[in-house]
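All remarks here apply to the structure that follows.
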């Protein structure tokens, strides 16, 4: 036990004296949270839409007024009037505007006759996000326009009423669980990957191996020391990240305690995975080269940035065995839904099982000699 | 019982045997030097004896314990200073010692006392609380020597402890080792490239080449064992044309090399050759400008046994040379 503590003590003393490493392992995920959270989370605004009115009737004018109302309030788009369609389409192709709303001749007449009136939205679909935002707003805009006549007493149309169980979750909050796991991973990668291999290459491990320390003491020492640093990174992200992302009641002690349990389970799983990957490596380039690939392979298929349900089958296989998936799911439950530990029981069980398997495999592969 | 007994110890990597059926013994209290060209197998031998590398065949016992079957007992008995400097740069001298004292399971009270005593013994007491990254190479090496003694080992292994140090630090390290050996009743096995050090400090020297033992004796006997025990370096003001042949004909002369008026004469009996040479010079009317007589050095012994050939051989890349590592 003394020997395990000696290894941990040494690692933590060094950690305390390398402020740069502490900052890197915690600041990087926070920066990612803020940048990604706001880069993807915001609503699309101020698109330029050209309007070609070939009708000039009252319903057409009303439609243009609705467009201006959107431009003034939701500001999804601004309208630019064009005298003819050719000029508008030329500007669309040259990227000066994002779409052309075409009100054809006879539009007003068809509206008044109830004869299937149509307007066309010719859009630049190279940007899917902008295009779908535009389509959504236009469809909504046409909805009340359609209901201008008094509705019949009885309607055969089925409607869907949506009930939202949780308050609105901005994207930055949706991203927070993944970011917490990422911070733990970065710490595991630096502590369990880069520093571990650097120490080995410098011969520091040789110093350990000539002492009577046992194999399992050495492995446990390395892993617990790495986990301690990763837990610290996780806890900073849990608190600071919650404050930055604007999670309601961010310092709720009961929830923080539950998060601590999950932080510990995640840190142990990721550090033991890293140790297993690095157990036979001696070249300091290897952990650095694998850092980016591992990050991509583990982070993105975990559902941290996009719903798992949208993934192709082969990626779902990665998702199923990726410890990130369970950690991210657990943090989503705790952060976004404020559930109890019972709700994340399966996640904790997977992470614990993963830790045990990785540690056993690493112990079998670890060599007590050079 | 010998402190170190090595019997047919062999380590092969594929077809190549770094250590090939080596056998020798080291008595208690000896300073045993291991010399050999680069790649001769010295480090592999030390690594086997310190339980870091398992042997392919053969056995070795340290203080009676088998290096494979009783590896942990061996580890408790030995202190090891590896070739690379392995102290932790971010930690202070005292912390470095403390961690290793804990790894050896030394109780807290004894720990504090031993660390203080050892740091004083290697003249680092005043730097005990300074981070090792501020230490010079010599200070780091001394710290590592103190660290290797923290559990009071009986047998001390040092792999090139003075390589890369300036002459003053080298002398300091060796003086410290001699004193510690006396005070702590140590047996020391050391490898070095510095023949003068080995000559002065080792009781016995083993010369290893191609993984095999080529000579083993005290420095004095080793020097006596090779032909040409003395080297005379003599220069003359002016010499007659067949002067070299005259010198070669002098009694006890083994070999004469000449460069202008300077001659280098290997002799089996320095004093006698010197007297005869002065006689011959006087008779021929040749003026001796300078004369020096040198004894055979261990360098000569080393070259005699291992040859002049450079040992260029490919080896596994050194991970510590990677440009990708963090600081230090």
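Just so you know, all these numbers are worked out from the coordinates, no wet-lab data involved. Computed from a predicted structure; not experimentally measured. As a convention, Cβ positions derive from the backbone with ideal geometry for all residues, glycine included, and neighbour counts pool all protein chains shown.
Here segment B:227-295 is described by how far its Cα atoms reach on the three principal axes: 29, 22, 19 Å, from widest to narrowest. Relative to the longest principal axis of the Cα atoms of chain A, the long axis of helix A:171-188 makes an angle of roughly 20 degrees. Over the residues of chain B, the helix contribution to mean residue ellipticity at 222 nm works out to -10000 deg cm²/dmol, using -39500 (n - 2.57) for each DSSP H run of at least 4. Over chain B, Cα pairs under 8 Å with separation of 6+ residues give a relative contact order of 19 percent. Per the Cα gyration tensor, chain A maps to an equivalent ellipsoid with semi-axes of 57, 22, 17 Å, ordered largest to smallest. For segment A:309-324 versus segment A:234-274, the inter-centroid distance based on Cα atoms is 23 Å.
Here segment A:1-51 and segment B:206-235 have alpha carbon centers that stand 63 Å from each other. Take every pair of alpha-carbon atoms less than 8 Å apart whose residues are at least six positions apart; their mean separation over the length of chain A yields a relative contact order of 19 percent.
Share of antiparallel DSSP beta bridges in the protein assembly as shown, in percent to the nearest 5?
Numbers: 43 of 71 bridges.
Around 60 percent antiparallel, to the nearest 5.
Counting DSSP beta bridges in chain B, what percent are antiparallel, to the nearest 5? The antiparallel fraction comes to roughly 70 percent. Based on the reciprocal of the average 1/r between different C-alpha atoms, the Kirkwood radius for the protein assembly as shown equals 32.3 Å.
Just check segment B:96-189 against the gyration tensor rule for me: Cα atoms, a ≥ b ≥ c as the square roots of the eigenvalues, rounded for a/c under 1.5, and otherwise prolate or oblate depending on whether a/b exceeds b/c.
Numbers: a/c = 1.82, a/b = 1.21, b/c = 1.50.
Verdict is oblate for segment B:96-189.
The alpha-carbon atoms of segment B:4-223 define a convex hull whose volume equals 118 cubic angstrom per residue.
Counting only other chain Cβ atoms within 10 Å of each residue's Cβ, the peptide A:291-304 averages 0.
Seen through its C-alpha gyration tensor, with square-root eigenvalues sorted a ≥ b ≥ c, segment B:140-230 comes out prolate because a/c lies at 1.5 or above while a/b is bigger than b/c. For the residues A:174, A:326, A:82, a GNM of chain A with alpha-carbon springs under 10 Å puts the largest fluctuation on A:82. What angle, in degrees between 0 and 90 and rounded to the nearest 10, separates the Cα long axis of helix A:128-146 from the longest principal axis of the Cα atoms of chain A? So the inclination is approximately 40 degrees.
Note on segment A:46-142: the C-alpha convex hull projects to 5.7 nm² when averaged across all orientations. Taking the C-alpha atoms only, the angle from helix A:323-336 to the longest principal axis of chain A is near 60 degrees. Mean residue ellipticity at 222 nm, helices only, chain A: -20000 deg cm²/dmol; runs of at least 4 DSSP H residues each add -39,500 (n - 2.57), and the sum is divided by the number of residues.
Of the listed peptides B:144-151, A:29-36, A:248-255, B:199-206, what is their order by residue-averaged count of other C-beta atoms within 10 Å, with the highest listed first?
On the way: B:144-151: 23.6, A:29-36: 17.4, A:248-255: 11.6, B:199-206: 18.9.
Put in order of decreasing packing, that is B:144-151, B:199-206, A:29-36, A:248-255.
On a C-alpha basis, how far is the centre of segment B:263-307 from the centre of segment B:71-110 in Å? Whole number, if you could? A separation of 50 Å, based on Cα centres. At 25 °C and 0.890 mPa s, what whole-number value in µm²/s does Stokes-Einstein give for the translational diffusion of segment B:198-328, with Rh from the Kirkwood sum over Cα pairs? Using the Kirkwood radius from Cα pairs, D works out to 138 µm²/s.
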